[in-house]
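The values are calculated or read from the model by the stated rules, or taken from the named source; none is laboratory data. Only a predicted model underlies this, so the values are computations on that prediction, with no experimental measurement involved. Cβ placement follows ideal geometry from the backbone for every residue including glycine, while neighbour counts extend to all protein chains displayed. Accessible surface is based on the protein model in full, side chains and every heavy atom, while ligands, DNA and RNA are left aside. Shrake-Rupley method; radii C 1.70, N 1.55, O 1.52, S 1.80 Å.
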Amino acid sequence: MSLELALLLGSFALLVLIDAPIAVALGLASAVYLAVADMAPMMVVAQRMIAGIDSFTLLAIPLFLMAGLLMVHGGLAPRIVNLFAAMVGRTTGGLAIVMVAACMMFGSLSGSGVADVVAIGTMMLPSMKARGYDPAFSAAALGCAGSLGTVIPPSIVLIVYGTATNSSIGDLFVGAIIPGLLLGAALIAVAWWISRKKGWKGTEAVRAGELGRAFVDAIPAMIAPIIIVGGIRAGVFTPTEAAGAGVAYALIVGGLFYRTLTWRVIGDILRETTEMTGAILIVIAAASIFGWILAAEQVPQLAVNAILGLTDSALVALVLMMVAVLVLGTFMESLAIILILAPVFMPVLAAYQIDPVYFGILLCVNLAIGANTPPLGIDLMAACRTAGIPMSASFRYLLPFLGAMVAVLFLLVLFPQIITGVIG
């Protein structure tokens, strides 16, 4: 390792440890490297940052974010919750099961884990507290369930991975459906098991007529993911066009069908979408110059040689990469991990003939776990903030949920056909 590369990685690690924003850490470490290495003029920082976000596919990010917000404020999310509540009734752990199921469904609308946590948590946590559920349990379950938005299409993380690696976003979306459902089923099983021990129940039983009305009322919400993912899979839309179609659909349903969207609400949504998009794109831009330097320093080749020196087995290599991402996920944001590691891992995948689409889905599952792992745990942090409790209070319930998610991850590692059999 050269002195300049050590300085790059060391300054980045130091900035992360002192809790600098990840975009600042990436950009400043890159600037320090260029100043010392004298490899290129400092103007390259701005040029590479602009080049990093100069992609038509990335336009899908603000459009999917806006579609998700429109569906929350347009009344689609509450109707999803009402439907699952009517289906579960007084089942043991019913409200927890409703929350996980609603997060799965809303994840297919928003594409964002934090948006999933806030939207569903705001509706579910007060009811769960009133029914006797421990807020610490509710927050742990919500954080893990909300992170399904990282996996279930149209995941923004999958879009960024596909853009960074030139992988088919349509294949990523289709391949992530079964892993997302497996994660949801695992979380529901844990929620039911803990709730049975604690004696926590669901809502009051509902009559068949009420269930039917709830189902009919939720149909527009359930059609949205079919339009988005089905349109991409059928070749009707590109991912960006599907995001635009999602926005149009949410506007029509929220404004004309449910009549809950006003011009003032739409203005607030536009402002929030702009803020969220800016926060995401500045990380992508800063990671672009950082990744360019790693490529210039031949870090991907070093990674290939290091792993090849350890094992000839593709399975062992995959497990090593997954463990590395699990560790990084405890203190780094998902997008930064993807943008830094994806270019490094791509030559490794090629050396072991591992499908980049398959690996990308494993990576997203891994990052969903990291989003709930202290000390960062951004989804868990958002869940605890929504529940009004300190993050540490949720730890006693967190381990079973994370254990179930890790089990699903390694199930997918051991049986890649679960993913590759779907994407062909």
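Considering only residues in the range 150-171 that are assigned to a helix (DSSP H, G or I), in contact with a Cys (Cβ under 8 Å, 6 or more places away or on another chain) and of a type in the set (A, V, I, L, M, F, W, C), the one that is farthest from P239 (Cα to Cα) turns out to be V157.
Taking the range 402-424, which residues are within 21 Å of the chain's Cα centre (by Cα) and not in a helix (DSSP H, G or I)? Reasoning before the result, please.
If we filter the range 402-424 for residues that are within 21 Å of the chain's Cα centre (by Cα), which is where we start, we get 402-413, 416, 418-420, 422-423.
Selection gives P416 alone.
Looking at I337, I284, just one residue is touching a Gly at 6+ places or on another chain (Cβ under 9 Å) and without any contact (Cβ under 8 Å) to a residue 40 or more places away in the chain, and that residue is I337.
Out of curiosity, is I378 at pLDDT below 90, open to solvent by 30 Å² or more (accessible area, probe 1.4 Å) and not charged (D, E, K, R)? Yes, satisfied.
Residues are listed down the side, and each one gets a yes or a no for (1) hydroxyl-bearing (S, T, Y); (2) at pLDDT 85 or above:
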residue	(1), (2)
G184	no, yes
W192	no, yes
S195	yes, yes
K198	no, yes
G202	no, no
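Across the range 96-131, the qualifying residues are those that are under 16 Å from G184 (Cβ atoms) and among the hydroxyl-bearing types (S, T, Y), and the one among them that is surrounded by the fewest Cβ atoms within 10 Å (Cβ to Cβ) is S108.
For the range 67-82, the candidate set comprises residues that are open to solvent by 10 Å² or more (accessible area, probe 1.4 Å) and either of a type outside the set (V, I, T) or touching a strand residue (DSSP E or B) at 6+ places or on another chain (Cβ under 6 Å) (or both); within that set, the residue that is nearest to I188 (Cα to Cα) is N82.
Among the residues of the range 375-401, those that are touching a Ser or Thr at 6+ places or on another chain (Cβ under 7 Å) and not β-branched (V, I, T) comprise P375, L376, D379, L380, C384, A387. Using the structure shown, decide if G278 is within 18 Å of the chain's Cα centre (by Cα) and modelled with pLDDT of 85 or more. Here the answer is yes, as G278 does meet what is asked.
Of these, S394, S313, which one is open to solvent by less than 10 Å² (accessible area, probe 1.4 Å), of a type in the set (S, T, Y) and farther than 24 Å from A13 by Cα? Before the answer, list the steps.
Numbers: S313 fails: open to solvent by less than 10 Å² (accessible area, probe 1.4 Å).
S394 is the lone residue from the list that is open to solvent by less than 10 Å² (accessible area, probe 1.4 Å), of a type in the set (S, T, Y) and farther than 24 Å from A13 by Cα.
Selection of the range 387-396 for residues being farther than 24 Å from C364 by Cα, in a helix (DSSP H, G or I) and touching a residue at least 60 places away in the same chain (Cβ under 8 Å) yields A387, A393, R396. Out of all the residues in the range 361-376, is one or more polar (S, T, N, Q), in contact with a helix residue (DSSP H, G or I) (Cβ under 7 Å, 6 or more places away or on another chain) and closer than 23 Å to V174 by Cα? Scanning the range 361-376, I find at least one residue that is polar (S, T, N, Q), in contact with a helix residue (DSSP H, G or I) (Cβ under 7 Å, 6 or more places away or on another chain) and closer than 23 Å to V174 by Cα, so the answer is yes. Condition check for L399 on (1) touching a helix residue (DSSP H, G or I) at 6+ places or on another chain (Cβ under 8 Å); (2) assigned to a helix (DSSP H, G or I): one failure, at (1). Looking at the range 20-37, is at least one residue open to solvent by 20 Å² or more (accessible area, probe 1.4 Å), free of Cβ contacts under 8 Å to residues at least 12 places away in the same chain and closer than 24 Å to A371 by Cβ? For the range 20-37, residues open to solvent by 20 Å² or more (accessible area, probe 1.4 Å), free of Cβ contacts under 8 Å to residues at least 12 places away in the same chain and closer than 24 Å to A371 by Cβ: present.
Name the single residue that is modelled with the lowest pLDDT among those in the range 353-372 being farther than 19 Å from L411 by Cα and surrounded by 20 or more Cβ atoms within 10 Å (Cβ to Cβ). Filtering first and then ranking leaves A371.
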